[in-house]
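In what follows, a structure is listed as structure tokens, so that the remarks can point back to it.
Coordinate-derived values only; no laboratory data. No experiment lies behind these values; they were computed from the predicted model shown. All Cβ positions, even for glycine, are placed from backbone atoms using ideal geometry, and neighbour counts span all protein chains on display.
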């Protein structure tokens, strides 16, 4: 049960960040809960978290950080306080997908799974039979997605390929998924990244 494990610092993977935060506020009473729920978690938010962490507490205080997008700079600035938290401080990070978080952050806290939903359109896209027309329509439908939405969609595409379509991904396709997350961090256009991923499935199909 999450109620027991939520007493200690951890990472929660959930697409319903606001609901999970409200749940923690209720479950952790009467302890003090301080939330930093942001659309894009940046260095200024990380500094506010660190400042809050060093405010002395006589009882356990929970600091909750929730976002669909955490900048690398913000995460790196949190590493020391996550590894050596002040007395009576517990941290909870809520992220829609695990890949939002740096390996150095993930290695410091246990990871739990919460509520997770996927967009309907990823279910309708069969990557084992995809053609150029479907790629074009998919890219057109996702022409204006944000960086955080693109991360969720990339993970949904990976799950579609490996779980639903039961494809064994080639080394190139696996490298494309890994490259996709790195390119997003460098602020490449989400549509271009999605095109790279999907064209990799067409190329693989034609090679066979």
Query raised in the report: Arranged from highest to lowest average of other beta-carbon atoms within 10 Å per residue, in what order do the peptides 165-175, 54-64 appear?
Result: 54-64, 165-175
Query raised in the report: Which ordering of 130, 111 is given by a fewest-first count of other beta-carbon atoms within 10 Å?
Result: 111, 130
Query raised in the report: How large is the helix-only mean residue ellipticity at 222 nm for the chain, computed as the sum of -39500 (n - 2.57) over DSSP H runs with n ≥ 4, divided by its residue count, in deg cm²/dmol to the nearest 500?
Result: -14500 deg cm²/dmol
Query raised in the report: In whole percent, what relative contact order does the range 120-207 give with Cα contacts below 8 Å and a gap of six or more residues?
Result: 43 percent
Query - Packing-based order for 136-143, 156-163, 90-97, using average beta carbon neighbours within 10 Å, highest first - result: 90-97, 156-163, 136-143
Query raised in the report: Tell me, what is the percent relative contact order of the chain, built from C-alpha pairs under 8 Å that lie six or more residues apart?
Result: 23 percent
Report summary line: Stretched fully, the stretch from residue 159 through residue 79 gains (0.36 nm per residue minus C-alpha distance, one decimal, in nm) 25.9 nm
Query raised in the report: How large is log10 I(q)/I(0) at q = 0.08, 0.15 Å⁻¹ when the Debye formula is applied to the Cα atoms of the chain, each weighted equally and without solvent?
Result: -0.32, -0.93
